[in-house]
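As structure tokens, the structure follows; a few thoughts come after it.
The values are calculated or read from the model by the stated rules, or taken from the named source; none is laboratory data. All values reported here derive from a predicted model rather than from experimental measurement. Virtual Cβ from ideal backbone geometry, glycine too; neighbours counted across all protein chains shown. Heavy atoms of the whole protein, side chains included, go into the accessibility calculation; ligands, DNA and RNA do not. Shrake-Rupley method; radii C 1.70, N 1.55, O 1.52, S 1.80 Å.
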Amino acid sequence: MADDPDELGRAYEASLAPARRRAEGIHYTPPDVADGLVALALHGLDGAPLVCDPACGGGAFLLAAGRALAARGLEPRRIATELLWGIDSDPGAVQVTHAAIEAWAGVGPGDHVVVGDGLLASERWPGRFDAVVGNPPFQNQLERATLRSVPVPPALAAVVRAYTDTAWLFLVAALDLVRASGGTVVLVQPQSLLAARDAQAVRAEVAARASVHGMWSCADAGFGAAVRVCAPVLHVGAEQPARARRWSGRDFVEDEARRLARPAGSWAVLRSGGDPPPAVRIDSDGPTLATLATATAGFRRQFYGVAPFVIDERDVDDSVLPKLITVGLIDAGRIAWGERSTRLAGRVLLTPRVDLASLATATPDVARWFVDRLCPKVLVATQTKVIEAVVDPDGRWLPSTPVISVHAPVEVLWLVGSVLLAPPVTAWALETYGGTALAHDAVKLAASQVLEIPLPADHATWREGARLLETGAPVTEVGHVMNDAYGAGDDVLAWWSARLAPAPDRV
């Protein structure tokens, strides 16, 4: 065991119950991943930098830092006792880190590795370190199984939103751990950091206090968790570079550097790997869908509130029992209600409808939410290869969470629908908000993000696309015209067409 100190941390994680690993967001980092991220964190830091891991777990990153510093010629005992610092809330993990460092260097880190809350580490070690690197716990604040056992520190409260992940907070807290001039932060994050709506406050705070010099992305980092990860390379006290570097995968292949136009906005443009969309030029500073429409989406209350009142009936009056439309029933330009089954709260349904009368008796506020959506609108699916939208001109369909409902005057509904089905808009969405969906190359937009979609400059061609959509033309024809409306090339149209899911009207 002493011959392979990394095995101590791996064995400790394996000894923990799966329920505890999930609840506490514990994922052991493989040595090759830790080595690669430490190399990014130490790049440009000469001499004998002080390194801290604010969620050190079994010590994978501190061991990687030790190896990197020893490769510079520094003596392992000095590295262990002077240069490696860490903190973790799990006493068992801290004990393992001590043992692993001692197995590697012949001496332990002493009081440089301690038990405590990493989000409060800056109160103990403010502005002390040259580099902060590690893999903090992933814990969604609304997911009961993964809630932190202690409240979020007041200093971080300003960036907390409904779905804030604890890992995002570690990124902000780390900025107070590094020295104000030249400090580097590299922390593993869920890829949702790059574009999630509720990570916006975190991205803005980071951009105000540091520069994003690069981004590592990985679809399979070997954590044993079904989550794609990234790691921003942040430099405190440095200007934002014109182009940020990008690396992907466990072999840290360097991809083409990209320009981060708005560091306080989405970072999705820095994501590597997957199936990147062709380059599109859309004027993000011009008019957007927000000038034509509003958008809403339900939450858990609506999803679970309606579930007991969903029935499976085909031939009844829509005005009495409206059709319920789930994400799985929306294709680009059409609804597959009654053609294929869908799942809702553990049930498989072919023709789902909502008994609004019974729902109103049981839960009036949830019923009102659904009644308010019995109006002309455009329904938009999420977690899809292309943006899939369908126009409901008569207002007869009810959106099931997380379907997005886009509301606009009847006379512009088809214009709105054609924008959502435009191939360059899907490319723009992946470029701007990619990384938040469950699938690596799927599109997932929040309702507010749908309204940020830029409108085409060629209004005449846009109107032709809307006319085709209204008259029931195949969505491929609509896509072709809307591709022209945005002035995009044939490569964008071909890319979008290849991603379309098969459907009867796509010929």
Residues satisfying the stated conditions in region 433-450, i.e. at pLDDT below 85 and over 15 Å from V380 (Cα atoms)
G434, G435, T436, L438, A439, H440, D441
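Okay, residues lined up against (1) crowded, with 19+ Cβ neighbours inside 10 Å; (2) of a type in the set (G, A, S); (3) in contact with a helix residue (DSSP H, G or I) (Cβ under 7 Å, 6 or more places away or on another chain); (4) not in a loop (DSSP other than H, G, I, E, B):
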{"site": "R301", "(1), (2), (3), (4)": "no, no, yes, yes"}
{"site": "P308", "(1), (2), (3), (4)": "no, no, no, yes"}
{"site": "R314", "(1), (2), (3), (4)": "no, no, no, no"}
{"site": "D318", "(1), (2), (3), (4)": "no, no, no, no"}
{"site": "L324", "(1), (2), (3), (4)": "yes, no, no, yes"}
{"site": "R340", "(1), (2), (3), (4)": "no, no, no, no"}
{"site": "R353", "(1), (2), (3), (4)": "yes, no, no, yes"}
{"site": "A360", "(1), (2), (3), (4)": "no, yes, yes, yes"}
Considering region 272-297 alone, what residues qualify as being open to solvent by less than 40 Å² (accessible area, probe 1.4 Å) and in contact with a Pro (Cβ under 7 Å, 6 or more places away or on another chain)?
I282, G286, T288, A297
Failed item, numbered, when A466 is tested on (1) buried (at least 19 other Cβ atoms within 10 Å of the Cβ); (2) of a type in the set (A, V, I, L, M, F, W, C); (3) not in a helix (DSSP H, G or I):
(3)
Going through region 438-463 one residue at a time, which ones are open to solvent by 30 Å² or more (accessible area, probe 1.4 Å), among the small types (G, A, S) and in a helix (DSSP H, G or I)?
S448, A460
Can you tell me how many residues within region 166-198 are within 22 Å of R128 (Cα to Cα) and either outside any helix (DSSP H, G or I) or among the charged types (D, E, K, R) (or both)?
14
If we ask which residues in region 228-252 are farther than 17 Å from L193 by Cβ and polar (S, T, N, Q), their number turns out to be 1
Yes/no for A332 being in contact with an Asp or Glu (Cβ under 8 Å, 6 or more places away or on another chain), under 30 Å from D458 (Cα atoms) and crowded, with 24+ Cβ neighbours inside 10 Å
yes
Please determine, by comparing only the residues of region 44-83 that are touching a residue at least 60 places away in the same chain (Cβ under 8 Å) and open to solvent by 30 Å² or more (accessible area, probe 1.4 Å), which one is nearest to V96 (Cα to Cα).
L50
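Which residue, of G328, G346, is without any contact (Cβ under 8 Å) to a residue 12 or more places away in the chain and either touching a Ser or Thr at 6+ places or on another chain (Cβ under 7 Å) or more than 20 Å from S405 (Cα to Cα) (or both)? Step through it out loud before you land on a result.
Values: G328 fails: without any contact (Cβ under 8 Å) to a residue 12 or more places away in the chain.
When all the criteria are applied, what remains is G346.
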If I go through region 402-437 residue by residue, how many of them are touching a Lys or Arg at 6+ places or on another chain (Cβ under 8 Å), open to solvent by 20 Å² or more (accessible area, probe 1.4 Å) and in a loop (DSSP other than H, G, I, E, B)?
1
Can you find a residue in region 149-164 that is out of contact with any helix residue (DSSP H, G or I) (no Cβ under 8 Å at 6 or more places or on another chain), buried (at least 16 other Cβ atoms within 10 Å of the Cβ) and either in a loop (DSSP other than H, G, I, E, B) or touching a residue at least 12 places away in the same chain (Cβ under 8 Å) (or both)?
no
Give the residue, chosen from V236, V253, V269, that is more than 19 Å from the chain's Cα centre (by Cα) and buried (at least 19 other Cβ atoms within 10 Å of the Cβ).
V236
Can you find, within region 362-372, the residue that is least open to solvent (accessible area, probe 1.4 Å) among those that are under 17 Å from D392 (Cβ atoms) and touching a residue at least 12 places away in the same chain (Cβ under 8 Å)?
F370
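Select from region 17-40 the residues that are among the hydrophobic types (A, V, I, L, M, F, W, C), closer than 23 Å to E7 by Cβ and at pLDDT 95 or above and list them in ascending order.
At the first step, the residues of region 17-40 found to be among the hydrophobic types (A, V, I, L, M, F, W, C) are 17, 19, 23, 26, 33-34, 37-40.
Then drop every residue that is not closer than 23 Å to E7 by Cβ, which leaves 17, 26, 33-34, 37-39.
Hits for region 17-40 are V33, A34, L37, V38, A39.
Residues L430, L421: which one is modelled with pLDDT of 95 or more and under 30 Å from Y304 (Cα atoms)? Write out each step before concluding.
Values: L430 fails: modelled with pLDDT of 95 or more.
Exactly one residue qualifies, and that residue is L421.
Take region 392-401 and flag every residue that is at negative phi and surrounded by fewer than 24 Cβ atoms within 10 Å (Cβ to Cβ). Outline the logic, then answer.
So in region 392-401, the residues at negative phi come out as 392-394, 396-401.
Once the filter is applied, which keeps residues that are at negative phi and surrounded by fewer than 24 Cβ atoms within 10 Å (Cβ to Cβ), region 392-401 yields D392, P393, D394, R396, W397, T401.
Is there a residue in region 20-38 that is out of contact with any His (no Cβ under 8 Å at 6 or more places or on another chain), hydrophobic (A, V, I, L, M, F, W, C) and open to solvent by 10 Å² or more (accessible area, probe 1.4 Å)? Reasoning before the result, please.
At the first step, the residues of region 20-38 found to be out of contact with any His (no Cβ under 8 Å at 6 or more places or on another chain) are 20, 22-38.
From the residues that got through so far, the ones that are hydrophobic (A, V, I, L, M, F, W, C) too are 23, 26, 33-34, 37-38.
Narrowing the set further to residues that are open to solvent by 10 Å² or more (accessible area, probe 1.4 Å) leaves 23, 26.
Yes.
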If you take the residues of region 337-382 that are farther than 14 Å from D318 by Cα and of a type in the set (V, I, T), which of them is modelled with the lowest pLDDT?
T382
Yes or no: region 226-236 includes at least one residue that is among the small types (G, A, S) and part of a loop (DSSP other than H, G, I, E, B).
yes
Among residues of region 191-217, those that are open to solvent by less than 10 Å² (accessible area, probe 1.4 Å) and either within 13 Å of the chain's Cα centre (by Cα) or over 27 Å from R250 (Cβ atoms) (or both), counted
8
